[in-house]
Amino acid sequence: MATKKTTKTAKPLLNAPDAPFEPMFPTGEVDLDAVSDRVTPEMTAKLAGAARGNKPDISGLPDAIADGRPLFKVGDKIVIEQYATILETNPYLHTRTYKVMAINPQTGDLKLWDESLCQWGMDNYVKGPMFGQVYKLANGAVVGKRKRGRPRKNPIAPTVVTTEKPTGEKKGRGRPKGSKNRPKDVIAAERKVVAEARRARKAKAAKRAAVKAVSATTAAKKKTVAAGKKTAAAKKAR
C-alpha cells in the first residue's frame with residue numbers, strides 16, 4: 001500500500017517584518033499611577049544619568065512632522081527620540097531608527113520595524129510630541145544601531161591634514177639633520193658597556209659548562225670504580 005506524502009509548510013517567523021503583527025501586551029488602559037509608584041527616585045535618577053551620556057544629537061536631520069501631520073509614508077525610515085512616558089519625570093529612553101510599516105491617520109498610531117534589533121515597535125505621532133518626543137526623517141542616517149563585535153584594541157588614529165609645500169621646492173627625505181644625533185663619546189661609552197656585559201655573560205656560560213663537564217666526568221669515574229669493585233667481589237666469592 002502506497003503511503004501518501006505530506007508536505008509541511010514553514011511557519012512565518014514572529015520577528016520578520018512580513019509576519020502578522022500581534023501585540024505582546026493586553027490592550028486597554030494602563031494605570032500610570034500604579035507603575036509610577038513602583039519606581040523609586042533612585043531608579044529614575046540612575047536611568048536619567050545613564051541616558052545623558054548616550055543621547056545622540058539628531059537636530060541636524062529634517063523634521064518628520066509638520067502642523068501635526070506626518071511628512072513620511074509607509075516604507076520610509078524615521079528617527080524617533082523616545083522618552084519613558086509612563087514615568088512621572090518622563091526621562092529620556094533611547095533614540096532609534098525605524099522603518100514605517102503602517103500609519104493610522106485617525107489615531108496617529110505607527111507600526112514600526114527596527115531593522116537593527118529585528119524588533120517591532122509602536123508609537124503615536126499625535127501624542128508623542130506632547131511628551132517631548134522628537135521625530136526626524138532618517139535621510140540615510142542610522143541612529144541607535146547596535147554595535148557588533150569587540151572594540152578595537154588599538155583604535156585608528158585620526159588622520160592629520162598636512163600642508164603641502166609650494167611647487168618647485170625640493171622635498172627632503174628622511175628625518176631632519178641633527179634631530180636625533182648624540183655625541184660620539186656617549187655612543188662609544190654605551191657600546192663599551194654593552195660589549196662588557198656580553199663578554200661577562202659568555203664567560204659565565206662557559207664556566208657553567210666547564211663545571212657541568214667536570215661533574216659528568218667525576219660521576220663516570222665513580223660509576224666505573226663501583227662496577228670494578230662489584231666485579232672483584234663477585235670473583236672473590238667464587
Pairs returned, first residue in the range 61-85 that is in the same structural domain as residue 99 (by TED's automatic domain parsing), second residue that is among the basic types (Lys, Arg) and assigned to a loop (DSSP other than H, G, I, E, B), beta-carbon separation under 8 angstrom, 6 or more apart or interchain, are 81/55
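The rows are residues; the columns are (1) touching a Gly at 6+ places or on another chain (Cβ under 6 Å); (2) among the polar types (S, T, N, Q); (3) surrounded by 10 or more Cβ atoms within 10 Å (Cβ to Cβ); (4) at pLDDT below 75.
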position: 148; (1), (2), (3), (4): no, no, no, yes
position: 154; (1), (2), (3), (4): no, yes, no, yes
position: 166; (1), (2), (3), (4): no, no, no, yes
position: 176; (1), (2), (3), (4): no, no, no, yes
position: 180; (1), (2), (3), (4): no, no, no, yes
position: 218; (1), (2), (3), (4): no, yes, yes, no
position: 233; (1), (2), (3), (4): no, no, no, no
| Is it fair to say residue 110 is among the aliphatic types (A, V, I, L, M) and within 30 Å of residue 42 (Cβ to Cβ)? | no
Within the range 105-128, residues more than 17 Å from residue 64 (Cα to Cα) and aromatic (Phe, Trp, Tyr) come out as 120
Residue 86 passes all but one of the listed conditions (1) surrounded by fewer than 17 Cβ atoms within 10 Å (Cβ to Cβ); (2) closer than 10 Å to residue 135 by Cα; (3) out of contact with any strand residue (DSSP E or B) (no Cβ under 6 Å at 6 or more places or on another chain); the exception is number (2)
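The values are calculated or read from the model by the stated rules, or taken from the named source; none is laboratory data. All values reported here derive from a predicted model rather than from experimental measurement. Positions of Cβ are backbone-derived with ideal geometry, glycine not excepted, and every protein chain shown enters the neighbour counts.
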